[in-house]
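Heads up, the thing below is written out as structure tokens.
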Amino acid sequence: MINVLITGANSYIGMSVEKWLMKEPKKYSVTTLDMTKPEWREYDFSKYDVVFHVAGIAHADVGDITEEQKKLYYKINTDLTVEVAEKAKVSNVKQFVFMSSMIVYSGCEETFIMKETEPKPLNFYGDSKWQAEQKIRMLKTDSFKIVILRPPMIYGKGSKGNYPELAKIASKMPVFPKVKNRRSMLYIDNLCEFVKLMIDNEEQGVFFPQNEVYTNTSEMVKMIADANKHKILMIPGFNWAVKIMQKLPGKIGRLSSKAFGDLIYDMSMSEYKDNYIVNTLKESIKLTEK
């Protein structure tokens, strides 16, 4: 029996991984811990083999935020992560799995990320994750393994972030621009299987899981529309308009860059000795829109 503690109750990823692991109740015992109250510090970590740390702040409009809110990002995404990792280590937990993000590359000029690409966060959100990564890596030993996951945009049924916004558009708009772009993305079930493999194989290091193919925003919108039996016409020739929108200051520019910009991992970075792709892109869209 592998005893897993998920630090971060009610999170989308945490609940999804718990459900995934509990398909094998004879192999895994999973507990989730609420990190919003200070009582977690009194909780006994010593009975767990693995701590999967998902507690954090994300999906904020980083363009309209106070200095106090910025401090909160560092308090939760950086300081809390380090404190939990230190507690896990002194409690003789064998493995600490941290959910970081592709956001650590958000300030890089290149949109094709390779293994040797140095992280360069664009804002405090990305920096809070990057700071956490660097600090917890200093804790690793032969008996305390650190796994850092830097997934791209995660989507699935009930997910937050950009995917639901695209889904709304795909289900209502009669037309959509046909744009040539490429994005790395990761379906939630593929992530869950990857986390399971990290635990099973007692891994350590930095990993970059992603779907088996890159996503084109226009093609994805068409897939979502088809899944909802909604007719949508893809109109070519709008690349110039999208480029103008991406250069606009404020929220429109940021959203346009996220939706229509390029940002991909080199596929070789995401290869793993065991297959973790349980659903193809097309299958994942159907399941998400079911």
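The values are calculated or read from the model by the stated rules, or taken from the named source; none is laboratory data. All figures in this text were calculated on a predicted structure; none of them were measured in a lab. Every residue, glycine among them, receives a Cβ derived from its backbone with ideal geometry; neighbour counts consider all protein chains shown. Note: areas computed on protein heavy atoms with side chains; ligands, DNA, RNA excluded. Shrake-Rupley method; radii C 1.70, N 1.55, O 1.52, S 1.80 Å.
Matching residues to (1) without any contact (Cβ under 8 Å) to a residue 24 or more places away in the chain; (2) under 24 Å from G158 (Cα atoms):
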site: V4; (1), (2): no, yes
site: E24; (1), (2): yes, yes
site: T31; (1), (2): no, yes
site: K37; (1), (2): yes, no
site: A55; (1), (2): no, yes
site: Q69; (1), (2): yes, no
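If N201 satisfies all but one of (1) surrounded by fewer than 19 Cβ atoms within 10 Å (Cβ to Cβ); (2) at pLDDT below 85, what's the number of the condition it fails?
For N201, the exception is condition (2).
When you look at G107, is it under 19 Å from the mean Cα position of the chain (by Cα) and over 23 Å from L191 (Cα atoms), yes or no?
Yes: the conditions hold for G107.
The conditions are (1) touching a residue at least 60 places away in the same chain (Cβ under 8 Å); (2) outside any loop (DSSP other than H, G, I, E, B); (3) within 28 Å of I224 (Cα to Cα), and I103 fails exactly one of them. Which is it?
(1)
Among the numbered conditions (1) hydroxyl-bearing (S, T, Y); (2) outside any helix (DSSP H, G or I); (3) more than 20 Å from the chain's Cα centre (by Cα), tell me where S171 comes up short.
Status for S171: all satisfied but (2).
If I filter the range 210-224 for residues that are basic (K, R) and surrounded by fewer than 17 Cβ atoms within 10 Å (Cβ to Cβ), do I get at least one hit?
No: the range 210-224 contains no residue that is basic (K, R) and surrounded by fewer than 17 Cβ atoms within 10 Å (Cβ to Cβ).
Can you tell me how many residues within the range 107-129 are of a type in the set (G, A, S), without any contact (Cβ under 8 Å) to a residue 40 or more places away in the chain and surrounded by 20 or more Cβ atoms within 10 Å (Cβ to Cβ)?
The qualifying residues number 1.
Any residue in the range 9-22 that's farther than 17 Å from M153 by Cβ: show its pairings with residues that are surrounded by fewer than 19 Cβ atoms within 10 Å (Cβ to Cβ) at Cβ separation under 6 Å, as long as the two are six or more apart or on different chains.
Taking only residues 6 or more apart or on different chains, the pairs are A9/D34.
Conditions: (1) under 16 Å from E283 (Cα atoms); (2) in contact (Cβ under 8 Å) with a residue 12 or more places away in the chain; (3) in a helix (DSSP H, G or I). L186 meets all but one. Number of the miss?
(3)
Would it be correct to say that L72 is over 20 Å from E202 (Cα atoms) and of a type in the set (A, V, I, L, M)?
Judged against the criteria, L72 is a match.
Specify the residue that is farthest from V93 (Cα to Cα); the eligible residues are those in the range 182-198 that are open to solvent by 20 Å² or more (accessible area, probe 1.4 Å) and not acidic (D, E).
Step by step, filter the range 182-198, then rank; the result is R182.
Is it the case, given these coordinates, that V179 is modelled with pLDDT under 95, outside any helix (DSSP H, G or I) and open to solvent by less than 30 Å² (accessible area, probe 1.4 Å)?
yes
When the range 130-158 is examined, which residues are found to be within 30 Å of E289 (Cβ to Cβ), in contact (Cβ under 8 Å) with a residue 60 or more places away in the chain and crowded, with 19+ Cβ neighbours inside 10 Å?
Selection gives L149, P152, I154, Y155, G156.
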